[in-house]
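The structure appears below as structure tokens.
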Amino acid sequence: MQLEPHDDLNRIILSFVRSDWRKVAFVVGSVLHWYEDRQIKMDDQEIMKKILALIDTKKIESQGDILDWKRSEVRVVQSDS
């Protein structure tokens, strides 16, 4: 069984998010390039919807105006320990 290209989107996004802050524009662009390298069509707005969902589910955290990709950043949620 082959996964649909969009089924793995969360995994791909998370592969570009680290424990240090990264610009949202960098993450979106990296994910787009990952799909383009595989000749799979992907929409930047779809990537952004998934990033927002990952923020909502506390898998990643953000700072700045998340809708302004060049002035906002994301990182893996930091534990309190």
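For the chain, count the residues as N, evaluate 2.2 N^0.38 Å, and divide the Cα radius of gyration by that value, please.
That works out to 1.08 for the chain.
In the full protein assembly as shown, how much of Asp20 is accessible to a 1.4 Å probe, in Å² to the nearest 10?
Rounded to the nearest 10, the figure is 90 Å².
Give me the 1.4 Å probe accessible area per residue for the chain, excluding ligands and nucleic acids, in Å².
Result: 69 Å² of accessible area for each residue.
Starting from 0.36 nm per residue, how many nanometres of slack lie between Asp8 and Asp65 once their C-alpha separation is accounted for?
Net length gain for the segment: 17.9 nm.
Once neighbouring chains are kept in place and the probe is 1.4 Å, which whole percent of the accessible area of segment 11-81 is contributed by carbon and sulfur?
It is 49 percent, rounded to a whole number.
What's the lysine pair count for the chain at a Cα cut-off below 18 Å, pairs eight or more apart or interchain?
13
Counting each DSSP H run of 4 or more residues in the chain as -39500 (n - 2.57), what helix-only mean residue ellipticity at 222 nm follows after dividing by all residues, to the nearest 500 deg cm²/dmol?
-13500 deg cm²/dmol
Under 1.5 on a/c is rounded, so check that first for segment 42-81, then, if it is not, pick prolate when a/b is larger than b/c and oblate when it is not; a ≥ b ≥ c are the square roots of the alpha carbon gyration tensor eigenvalues.
oblate
The values are calculated or read from the model by the stated rules, or taken from the named source; none is laboratory data. Here the structure is a predicted model, which means the values were calculated and not measured. Side chains are part of the model used for accessible areas, which takes the heavy atoms of the whole protein and leaves out ligands, DNA and RNA. Shrake-Rupley method; radii C 1.70, N 1.55, O 1.52, S 1.80 Å.
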